[in-house]
Amino acid sequence: MTILVEQHAGYRQITLNRPDRLNALNAEMHGALMAALDEAEADPECRAILVTGAGRGFCAGQDLGDVAVKDDGPPDLKAVLERYNGLVRKLRGLAMPVVCAVNGVAAGAGANLALACDIVLAAKSANFIQAFSRIGLIPDCGGTWFLPQLVGAARARALAILAEPLPAERAAEWGLIWQAIDDDKLKATAHALVARLAKQATIGVALTKRALDAAETNTLDRQLDLERDLQDEAGHTPDYAEGVRAFIEKRPANFTGRR
Ligand code: LHQ
């Protein structure tokens, strides 16, 4: 099984599972990962997703054995990238929050799939490597878009062109990820975070994600209108009513995540 799925109360853990290849993605794994995301999305009990890797790595990107240049010429990278693009679009488009626990090296497409998630935690021993230039490729899976957004133009260019490993702690200092965590605490920290997200006001979180995504191309003027409309939608959820009630009654809110 190239992808493992564990059900927890309110969330699912999806584990990339080809540890002997540092969880490099092949065609089978792509299909299984997409199916796991589709199934999580279709489950009304699932209100958050945790993505992580088995073994000592998170993901070494594309399985280079699968796309090797052969006697009959180069492989169809456009077709391979369509699959990756589908994954990135899927991850970004999910209404529920996605946490990525980067347990070890994240290289090439593996690094950028992590960056497509909403909240990225990484073990302090993990590294992020835009490995593409080492093999004559360009950063894909949204790398050329995520990097400058997250760390600014100067750092993005050097990371993309030099392909040097960026240690997790520096990645957190630079704003590439949310937090670097001691290795032995990563798993527990990630589960506590996803469990907490699974109890939040899920529709409000989904609308927050939508607003932040839209802000990437909107003017302030259009964004203000969008915030007004999305806030109106959030304000009509039972979770908003419960949140205000709980505040007034000085007790924790019991959100259902339902409309
Ligand atoms: C691997 C891989 C791997 C196969 C480690 N494939 N076996 C590309 C093409 C087409 C279209 C779509 O877009 C893409 C996107 C991309 O992702 S391009 C970038 C692909 N990834 C890379 O270039 C990274 C390649 N891997 C590495 O540079 C190193 O493995 C890193 C720095 C990640 C880790 O280094 P180490 O900790 O020293 O581990 P290792 O190199 O010894 O790897 C362990 C095993 O995993 C080893 O196999 P072996 O049989 O010797 O134990 C590697 O061959 C295998 N492996 N990455 N991408």
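Of note:
- Any cysteine of the chain lacking a neighbouring Cys Cβ under 4.7 Å - listed by number: CYS46, CYS59, CYS141
- Note on HIS236 and MET34: the model spin-label points, each 7 Å out from Cα along the C-beta direction, lie 3.4 nm apart.
- Average Cα contact separation per residue, region 112-226, under 8 Å, 6 or more apart, as relative contact order %: 29
- Simple Cβ-charge dipole of the chain, Lys/Arg +1 and Asp/Glu -1, about Cα centre, in debye nearest 20: 520
- From phi via Karplus (6.51, -1.76, 1.60), per-residue ³J(HN,Hα) for region 111-116 in Hz, x at Gly/Pro: 5, 7, 5, 4, 5, 6
- Burial ranking of peptide ranges 209-220, 109-120 (average Cβ count within 10 Å, highest at the top): 109-120, 209-220
- The chain: angle of helix 238-248 to the longest principal axis, Cα-based, in degrees nearest 10: 60
- In the chain, the DSSP-assigned H stretches of four residues or longer account for a calculated mean residue ellipticity at 222 nm of -14500 deg cm²/dmol, using -39500 (n - 2.57) per stretch and the full residue count as denominator.
- Proximal lysine pairs, the chain, alpha carbons under 21 Å, eight or more residues apart or interchain: 8
- Full extension of the chain between ALA246 and ALA68 gives 58.3 nm of extra length, using 0.36 nm per residue less the Cα-Cα distance.
- Sites ARG196 and ARG170, calculated FRET efficiency, Cβ-Cβ separation with R0 45 Å, nearest 0.05: 0.95
- Taking every DSSP beta bridge that has both ends in the chain, the antiparallel portion is near 30%.
- The chain, relative contact order in percent, only Cα pairs under 8 angstrom and at least six apart counted: 16
- Split the accessible area of the chain by element, probe 1.4 Å, and carbon with sulfur accounts for 56%.
- What the Cβ-Cβ distance of ALA27 and ASP221 gives, at R0 = 41 Å and to the nearest 0.05, is a FRET efficiency of 0.35.
- Phi-based couplings in Hz for region 128-137 (Karplus 6.51, -1.76, 1.60; Gly and Pro marked x): 10, 10, 7, 5, 3, 5, 5, 10, x, 10
- Estimated distance in nm for a label pair at THR189 and ASN85, the labels positioned 7 Å out from Cα along Cα-to-Cβ: 3.5
- Residue among ILE14, ILE203, ILE248 with the largest mean-square fluctuation in a Gaussian network model of the chain, springs linking Cα atoms under 10 Å: ILE248
- Each peptide among 22-34, 235-247, 187-199 gets the average number of other Cβ atoms lying within 10 Å of its residues, and from highest to lowest they stand as 22-34, 187-199, 235-247.
- Surface per residue (accessible, 1.4 Å probe) for region 100-158, Å²: 36
- Once the Cα gyration tensor of the chain is diagonalised, semi-axes √(5λ) in Å: 33, 21, 18
The values are calculated or read from the model by the stated rules, or taken from the named source; none is laboratory data. Model, not experiment: these values are computed from the prediction. Methodologically, a virtual Cβ is constructed for each residue, glycine included, from the backbone with ideal geometry; neighbour enumeration extends over all protein chains shown. Keep in mind that these areas ignore ligands, DNA and RNA; they rest on the heavy atoms of the full protein, side chains included. Shrake-Rupley method; radii C 1.70, N 1.55, O 1.52, S 1.80 Å.
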